[in-house]
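One structure is given here, and the rest of the page talks about it.
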Amino acid sequence: MVWDFREGELFEIQEPDDHQIPLVLNSPHSGRIYPRAFVEASRLDYLSLRRSEDHFVDELFSGGVALGAPMLKAHFPRAYVDVNREPYELDPRMFDGPLPPHANTASVRVAGGLGTVPKIVAENMEIYGRKLPVDMALERVEHIYKPYHAALRRLIARTHARFGRAILIDCHSMPGNIRITGSAMRPDVIIGDRYGTSASSDLSRLALKLLEDLGFAAVRNKPYAGGFITEHYGRPARGLHALQIEINRSLYIDEATLEKRPDFAKVAGAMRQFLENLATEVSVPQVSTAFAAE
């Protein structure tokens, strides 16, 4: 139940001393508070449940707050509720009663077990050993999903009003075994812009160049083009840009133990430098005009 969390545990906004750059940082999958009741209701152990996290991504990008960008970060785990989905992407086979008629029960993500209330964690391990009450899913949507998105909308609207544009950086991680189809390349970072619909192509190309300049093997939209958050909040014609960033986990954690590698601080420093360079570029007057509302 949602009430498994204490007050203030669901998510938080880290505010800069001065909101001075048009970036908003979002870390929706790095939550690592697992309520006892949730773990006990699962057929998986604690370490297995953690396989679906974007491990420590909030820490990797936290340097952006000192640069002047707010960060919204989840404390609830992705295995509990996934805010990078539509609000009602739900699998009817998981629940003991009928879902509301507006539920999207036929999406590709639901079919894969990765709906708003996930059925599986990574490696196709089923979370639950029995059906859940429908009310449990709807409570998670009502009391976690909706407040989280309301907070994100406010941050984006505030940034847009202040700067005439807003650039959402949606922060994620990916397994170390990801390869580009038809290639042996293992990308370090993937930029997703929903194939040019969630951010201007100029911004996406700039992000790629800045990452490559820092020594990363970076690609765009392969195989991750962005999820619901990127698609939903990116409106380039209105000066609202959304980029999803996926970082290869093997760069900074041991994927077996989920412990930080010695290079963690180095990767975090590189992400801070990337954000600083991006903020500098988009703040140049002749460049910033291109990212403002038409």
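Some points to look at:
- Meets criteria (in contact (Cβ under 8 Å) with a residue 24 or more places away in the chain, farther than 23 Å from Asn248 by Cβ, in contact with a strand residue (DSSP E or B) (Cβ under 9 Å, 6 or more places away or on another chain) and among the small types (Gly, Ala, Ser)) for Gly68: yes
- When residues in segment 2-58 are screened for being of a type in the set (S, T, N, Q), assigned to a helix (DSSP H, G or I) and surrounded by fewer than 18 Cβ atoms within 10 Å (Cβ to Cβ), 1 of them pass.
- Selection status of Thr105, surrounded by fewer than 17 Cβ atoms within 10 Å (Cβ to Cβ) and among the polar types (S, T, N, Q): yes
- Residue check, Arg194 at pLDDT 95 or above, surrounded by 14 or more Cβ atoms within 10 Å (Cβ to Cβ) and outside any helix (DSSP H, G or I): yes
- For segment 156-191, residues that are more than 14 Å from Gly234 (Cα to Cα), modelled with pLDDT of 95 or more, part of a loop (DSSP other than H, G, I, E, B) and in contact with a Gly (Cβ under 9 Å, 6 or more places away or on another chain) total 2.
- Scanning segment 168-195 for residues that are more than 18 Å from the chain's Cα centre (by Cα) and among the small types (Gly, Ala, Ser) yields a total of 3.
- Within segment 126-145, tally of residues that are more than 17 Å from Thr105 (Cα to Cα), of a type outside the set (A, V, I, L, M) and either over 18 Å from the mean Cα position of the chain (by Cα) or loosely packed, with under 13 Cβ neighbours inside 10 Å (or both): 7
- Selection count, segment 252-266, where residues are in contact with a helix residue (DSSP H, G or I) (Cβ under 8 Å, 6 or more places away or on another chain) and either crowded, with 22+ Cβ neighbours inside 10 Å or over 18 Å from Gly63 (Cα atoms) (or both): 5
- Restricting attention to segment 108-148, the residues that are of a type in the set (Gly, Ala, Ser) and out of contact with any Lys or Arg (no Cβ under 8 Å at 6 or more places or on another chain) total 3.
- Glu123 being on the phi > 0 side of the Ramachandran plot and either assigned to a strand (DSSP E or B) or surrounded by fewer than 17 Cβ atoms within 10 Å (Cβ to Cβ) (or both): yes
The values are calculated or read from the model by the stated rules, or taken from the named source; none is laboratory data. In this text the structure is predicted, and so the values were computed from the model without any measurement. Cβ sites come from the backbone with ideal geometry, for glycine too, and all protein chains shown count toward neighbours.
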